[in-house]
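The values are calculated or read from the model by the stated rules, or taken from the named source; none is laboratory data. Just so we're clear, the structure is a prediction, and the values are computed from it rather than from any experiment. When we count neighbours, we look across all protein chains shown, and the Cβ atoms used for this are built from the backbone with ideal geometry, even at glycine.
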Amino acid sequence: MGSSIRERQIGLLKQMINCNQPITKSSSMEPSWKILVYDKYGQDIISPILSVKELQELGVTLHVQLHSPRDPVPEVPAIYFCLPTEENLGRINQDLNNQIYESYYFNFISSISRHRLEDLASAAINAQNVAQVLKVCDQYLNFISLEDDLFILRNQKSDMISYYSMNKGDITDTEMDSILDGIVDSLFSLFATLGTVPFIQSPKGNAAEMVAEKLDKKLRESLRDTRSGLFTSDLTQTYGFHRPLLVLLDRNMDMATPLHHTWTYQALLHDVLDLNLNRVVVNESETNENRSPDSHRSHGPAYKPKTKSCDLNPTDKFWVSHRGSPFPTVAESIQEDLEEYKASEGQVKRLKESMDQENDAAMSLVSNTTAKLTSAVSSLPQLIEKKRLLDMHTTIATAVLEEIKLRKLDVFLEVEEKVMSKAALDRSVLDIISDPECGTPDDKLRLFLIYFICSPNMTEAETDQYAAALTKAGCNLDALRYLKRWKSCTKIATSSSQYLGGGTRTVNMFAKLVSQGSSFVMEGVKNLVVKKTQFTSYADSGSFNGAETIARNGRLPLLRSETVETHRTGQQFCTEKSCSISRRHCLHGRRRQLLGISEPCRLCKVENGRREC
């Protein structure tokens, strides 16, 4: 594939707005003026990838909702972009009867059925407006591109294709078929946009298999139809077989991960702020002074903070570089970029001062001064844009930091990491749930659900004890009741190897960050970069870097002689440096160290003034 999903969709949208004609130099220099009419789904598709300025460059003078009140503009053509639903077609019929535009280009997000196309033709005939309908096209753009290789299927009414809607107890066969058809239509649109037919793989016996079968059937029908040309090259008219692999999985395969409190920049924005379609909303005026510790628990705040919308575009180099980075690293990068900006700004100021102090004798250096001035002027727009982005990310990071401090998310993060990696807990889950100052009810419920999923041997009495504590903390236990039924139905005991923490330890990652207090909230955060543990293990062939092995394999390194499960007694060894067992051969002691277990094993005892296993 020559370009990304996002670039393909942008190209098709621009061609659609250009009256379904290829974009040329002449058309880009002198665009024809037009009106863009879309429904809510069309707006969600366009808004993350085309700005208002880009729409204006394409000749769009006005963009309006299909179902909003609109005045007639009989001298301008209209580009429609909407789903082919009964409601939308009814409003299009009204526009045809009222003759509010000069001409009409109807572009449907997904394929319009035969009978609805006939209804549209009948409406145009009855309105005596057939000559004004210039084009009717199926665009196959029923998906939303958020990044170059990241897309979602639907935003408006997303609960229609949610995990809940597909797994609720009272779902009917008709509702399930409608959900599956919507998913299949969106996936088909994706591959029609890419112009390629995928290999499809899915597990058996769940909804993923049903989606795979329906999608396979739809792709085969399209390939048999020689008129469609969706997967045909324009030059050779032959099918392209540069085929990607589509893997469809059921959410039930991994229930703990979506509940996990994570620490990367983009995931934190999803978790603690309102991030939707690459736009995050921040409460700008919300500070420690005007926000009480319990304000996040109340449903009716006493004041309405000023909100600010921030667009996180792929053109933002800072966002592209750091959206997957740990939050302390992001804070450090903000500080470094701010210092770099201040240095550049200082150079411009010094140049201005030197020019003001020049006398007649210095005019001989006018050529050098002119070159410096030209360089400063040319770099000024980039400096202004860099300052705007730095201010935006500082505002966002400050809001995230406030939520971390208020909800003590560092505590939840570290405990969940240890639960998922089967490490020893410094503080019990029940203690955290019972702590009224620690997190929101949803945070506590998420923590326990992860603990419940990762603890296959939890007894009913223990579950009831935790449920009582959750109820006292104000949690809704519907999710717990569902997971109980899910466990009993699947009869799958989650093994410890399914959930392993990352290779980077998260020990006290937010400790200094939360306790930091200064006029500039982010100052000093650069010292809080995640503490990395260098895993070094010894085998018979010599030493190797365990961190590199983790990067390659995504798991803790296995020693070649790790198959030796016991050393006479079946117990793990201690990690004491003075242990009489050689550290070179004390394999389980090294294993305990890798897992972050610092206490000695039960066989460790003192004999003759030294520790022995």
Inset, instruction - Give F188, F108 a once-over and let me know the one that is touching an Asp or Glu at 6+ places or on another chain (Cβ under 7 Å) and either at pLDDT 95 or above or not assigned by TED's automatic domain parsing to the domain that holds L66 (or both). - result: F108
Legend entry - Of residues in the range 404-422 being in contact with a helix residue (DSSP H, G or I) (Cβ under 8 Å, 6 or more places away or on another chain) and of a type in the set (A, V, I, L, M, F, W, C), the one farthest from A469 (Cα to Cα): I404
Inset, instruction - Return only the number of the condition from (1) in contact (Cβ under 8 Å) with a residue 24 or more places away in the chain; (2) closer than 30 Å to V197 by Cβ; (3) out of contact with any Asp or Glu (no Cβ under 7 Å at 6 or more places or on another chain) that S3 does not satisfy. - result: (1)
Legend entry - Residues that are touching a Lys or Arg at 6+ places or on another chain (Cβ under 8 Å) and closer than 21 Å to L96 by Cβ, drawn from the range 61-73: V64, Q65, L66, H67
Inset, instruction - Go through the range 142-226 and tell me which strands (runs of 3 or more DSSP E), entirely inside it, have 3 or more residues that are of a type outside the set (D, E) and out of contact with any Ser or Thr (no Cβ under 6 Å at 6 or more places or on another chain). - result: 144-147, 199-201
Legend entry - Residue in the range 149-159 that is more than 23 Å from the chain's Cα centre (by Cα) and either surrounded by fewer than 15 Cβ atoms within 10 Å (Cβ to Cβ) or polar (S, T, N, Q) (or both) present: no
Inset, instruction - Please indicate, with yes or no, whether at least one residue in the range 31-54 is free of Cβ contacts under 8 Å to residues at least 12 places away in the same chain, surrounded by fewer than 18 Cβ atoms within 10 Å (Cβ to Cβ), among the basic types (K, R) and not in a loop (DSSP other than H, G, I, E, B). - result: yes
Inset, instruction - Can you work out which of the residues in the range 8-26 that are touching a residue at least 24 places away in the same chain (Cβ under 8 Å) and assigned to a helix (DSSP H, G or I) is nearest to F143 (Cα to Cα)? - result: Q9
Inset, instruction - Provide a single number: the residues in the range 264-285 that are more than 19 Å from R154 (Cα to Cα), at pLDDT 90 or above and in contact with a strand residue (DSSP E or B) (Cβ under 7 Å, 6 or more places away or on another chain). - result: 5
Legend entry - Residue within the range 318-334 that is among the basic types (K, R), loosely packed, with under 13 Cβ neighbours inside 10 Å and either outside the structural domain of D443 (by TED's automatic domain parsing) or modelled with pLDDT under 75 (or both) present: no
Legend entry - Evaluation of Y140 against (1) assigned by TED's automatic domain parsing to the domain that holds Y41; (2) over 24 Å from the mean Cα position of the chain (by Cα); (3) not acidic (D, E) (one fails), failing number: (2)
Legend entry - Residue ID - surrounded by the most Cβ atoms within 10 Å (Cβ to Cβ), chosen from residues in the range 1-30 that are among the aliphatic types (A, V, I, L, M) and touching a Gly at 6+ places or on another chain (Cβ under 9 Å): I17
Inset, instruction - Taking E147 as the residue in question, decide whether it is acidic (D, E) and closer than 30 Å to P48 by Cα. - result: yes
